[in-house]
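Student: Take a look at the following structure, please.
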Amino acid sequence: MKKNSWVVLIVLIAIVSIFAISCSKKEPVAQTPATQVVTSAPKAAEATYADGVYFAMNDEFASSGWKSTITITVKDKKIVDVDWNGVNIKGGLDKKAYDKAGKYNMVKFGAAQAEWYEQAEKAEAYLIQTQDPTKITYSDSEGSTDDIAGVSIHVSDMFELAQKALAKGPVGVGPYADGAYFAIDDEYPSSGWKEYVSLTVLNGRIAAVNWSAVNKTGDEKKAYDKAGKYNMVKFGAAQAEWYQQAEKVEAYLIEIQDPANITYSDNEGHTDAISGVSIHVNALFDLADKALKASPVELGPYQDGGYYASEADFGSTGWKSYVSLLVKDGNIVNVYWSAVNEAGDDKKVYDRDGKYNMVKFGGAIDEWFVQAKRVEQHLLATQDPKDITYTDAEGHTDDIAGATIHVNEFYTLVEKALANGPKKY
């Protein structure tokens, strides 16, 4: 009996131990509030984006001449700033700056409820609020929406670019100061085309490049070429027209972001680095470097383009004076003042060749072309053809050091050229 009692006692102890172990394993689950599991999920969902600066832009320019861009700043895993903007095919000011300067005028000319930049700011605020570029519905195929009060512009461009930028990941900020940059050659080469470069920098990066040139009669090379007047393929057996090759060079600079990062295959400035380009490209890279080392330009009052005006008849001297201008970012950036005679000679060239001789035969302080250059520079400095005073009825002035020639015909032609408006092709 004693043996049986001990067996029963051992079995009872084993059962109690098993029950105690089982209860101790279940206690933590029973005591843990269910709310702890529920609140952890949203926190993980909020941490969507990595901190940093994101950037994206469309691949092509629209028919309007603008290409949309977006810059997004993420801090503490949240979108805290959005800049929906644009760059122009001709370089220069970005779309918001251009609009704020009163140059876009969507209200005045399109009867919009607000200017483009004002509506863009509302779309940006909506993305910051929703934190998700896919949380938008469109009311038509053009990308308009009823989700954002006070916005009638199509916004699909912005939200699609936001998705593209966020998918790429943070890219940071580039090395350049945002703004519009410009540089032009000092003199006309033997080709007759003075080259220039206009750049747009956004988020510290080169976002738009326009490489072109201007001739002595105010023609802009790209527009002149697109109008079928340059004809490098027809007359030079080139593989593509000049403007088409220029566009490839511009795209290459946007890709590499550094105008010093180019290798040339000869002393004439050709390169093997850009497929489909046989023109010399050193002018673009040299001018881009020069532009970026200068300060960003401010918008001036004039309409961009090439301008030209000429006197109606040959004067008593046998010369017919003319003026050409180039305006970029609203500023007069190039001036050429000269004249032609009945034989078709250009007065400046004629003078440089020693055929005019104003010093030798007229006792002048300098030759005519030297003084004319000083007059041109004065207009570039003042930017206003009315900002000149005359000392006599013949049109002499004391405002320009080193200019004793009469200058009234020059300023009259400048006003006439600006009144004519940009040249059409």
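Student: Most mobile of G65, G362, G169 per a Gaussian network model of the chain (Cα springs, under 10 Å)?
Tutor: Per the Cα network of the chain with a 10 Å cutoff, G362 tops the list.
Student: Next question, about the same structure. Karplus couplings for the range 247-262 from phi (6.51 cos²θ - 1.76 cosθ + 1.60, θ = phi - 60°), rounded to Hz, Gly and Pro as x?
Tutor: Listing the rounded values in order: 5, 5, 5, 4, 4, 5, 5, 4, 5, 8, 6, 9, x, 7, 8, 9 Hz.
Student: Any idea which of S191, G395, A207 is furthest toward the positive side of the dipole for the chain, if Lys and Arg beta-carbons carry +1 and Asp and Glu beta-carbons -1?
Tutor: Positive-end residue among those listed: A207.
Student: Top mean-square fluctuation among Y138, Y308, Y252, Gaussian network model of the chain, C-alpha springs under 10 Å?
Tutor: Y138
Student: For each of M158, M358, count neighbouring Cβ atoms within 10 Å of the residue's Cβ, then give the residues from fewest to most.
Tutor: Arranged by neighbour count, lowest to highest, M158, M358 become M358, M158.
Student: Roughly how tilted is helix 408-420, in degrees to the nearest 10 and between 0 and 90, from the longest Cα axis of the chain?
Tutor: Taking Cα atoms only, the helix is inclined about 40 degrees.
Student: Could you identify which residue out of S156, S191, S68 has the top mean-square fluctuation in a GNM of the chain using Cα springs shorter than 10 Å?
Tutor: Answer for the Gaussian network model of the chain: S191.
Student: If you don't mind, there's one more thing I want to ask. When the convex hull of the C-alpha atoms of the range 179-293 is computed, what volume per residue in Å³ does it have?
Tutor: Roughly 109 Å³ of hull volume per residue.
Student: At 37 °C and 0.692 mPa s, grab the translational diffusion coefficient of the range 243-294 from Stokes-Einstein with a Kirkwood Rh over Cα pairs, rounded to a whole number in µm² per second.
Tutor: 297 µm²/s
Student: Running Debye on the range 232-389 with equal point scatterers at the Cα sites and no solvent, what base-10 log of I(q)/I(0) appears at q = 0.16, 0.19, 0.20, 0.21 Å⁻¹?
Tutor: -1.10, -1.17, -1.19, -1.23
Student: On a 0 to 90° scale, report how tilted helix 2-31 is relative to the longest principal axis of the chain, with both axes built from alpha carbons and the result rounded to the nearest 10.
Tutor: For helix 2-31, the angle is close to 20 degrees.
Student: Let's see if you can work this out: charge +1 on each Lys and Arg Cβ, -1 on each Asp and Glu Cβ, no other charges. What is the dipole magnitude of the chain about its Cα centre, in debye to the nearest 20? Could you put the intermediate results ahead of the total?
Tutor: Numbers: 43 positive and 60 negative charges, 472 e Å.
Value, rounded to 20: 2260 debye.
Student: Run the reach check for K135 against lysines, Cα to Cα strictly under 22 Å, same-chain hits fewer than 8 apart removed. What comes back?
Tutor: K43, K75, K77, K78, K122, K164, K168
Student: Taking the Cα-to-Cβ direction at K78 and at Q163 and moving 7 Å from each Cα, how far apart do the two end points lie in nm?
Tutor: My value for the distance between the label points is 2.5 nm.
Student: Quickly estimate the mean residue ellipticity at 222 nm for the chain, helices only: each DSSP H run with n ≥ 4 gives -39500 (n - 2.57), and the total goes over all residues, rounded to 500.
Tutor: On the way: 14 runs with 158 residues, N = 425.
After summing the helix terms and dividing by the residues of the chain, the value is -11500 deg cm²/dmol.
Student: With a cut-off of 8 Å between alpha carbons and a minimum separation of six or more residues, what is the relative contact order of the range 115-252 in percent?
Tutor: Once divided by the residue count of the range 115-252, the mean separation gives 13 percent.
Student: Note the angle between two axes, namely the Cα long axis of helix 35-46 and the longest principal axis of the Cα atoms of the chain, as a number of degrees from 0 to 90, rounded to the nearest 10.
Tutor: The helix 35-46 is inclined about 20 degrees to the chain.
Student: Where does the range 305-420 land on the Kirkwood hydrodynamic radius, alpha-carbon pairs, in angstrom? Intermediate results must be reported in sequence, preceding the final value.
Tutor: Working: mean 1/r = 0.0684 Å⁻¹.
By the Kirkwood definition, the hydrodynamic radius is 14.6 Å.
Student: Let me confirm the definition first: pairs of Lys residues in the range 305-420, 8 or more apart or on different chains, C-alpha distance under 13 Å. How many are there?
Tutor: Taking the range 305-420 as the scope, the lysine pair count is 6.
Student: What base-10 log of the normalised intensity I(q)/I(0) is obtained for the range 52-168 from the Debye formula, alpha carbons as equal point scatterers, at q = 0.22 Å⁻¹?
Tutor: So the normalised log intensities are -1.40.
Student: Follow-up question, since we're still on this one. Can you give the three extents of the C-alpha atoms in the chain along their principal axes, from longest to shortest, in whole Å?
Tutor: The Cα atoms of the chain stretch 152, 53, 41 Å along the principal axes, largest first.
Student: For the chain, build the charge dipole from Cβ charges (+1 Lys, Arg; -1 Asp, Glu) around the Cα centre, then report which of L253, Y126, G421 sits farthest towards its positive end.
Tutor: The residue sitting most towards the positive pole is Y126.
Student: Using the Karplus curve 6.51 cos²θ - 1.76 cosθ + 1.60 with θ = phi - 60°, what ³J(HN,Hα) values do you get for each residue of the range 276-290, in whole Hz, with x for Gly and Pro?
Tutor: The phi angles translate into x, 10, 10, 6, 6, 10, 4, 4, 4, 5, 5, 6, 4, 5, 5 Hz.
Student: Would you mind calculating the relative contact order of the chain from Cα pairs under 8 angstrom and at least 6 residues apart, reporting the percent as a whole number?
Tutor: This gives 10 percent for the chain.
Student: How large is the direction-averaged shadow of the alpha-carbon convex hull of the range 264-353, in nm²?
Tutor: 9.8 nm²
Student: I'd like to compare 316-324, 340-348: which one has the highest average count of other Cβ atoms within 10 Å, and what's the full order after that?
Tutor: The peptides rank, most packed first, as 316-324, 340-348.
Bear in mind these aren't lab numbers, they're just calculated from the coordinates by the rules spelled out. Computed from a predicted model, the values in this text were never measured in an experiment. Glycine also receives a Cβ, built like all others from the backbone with ideal geometry; neighbour counts cover every protein chain displayed.
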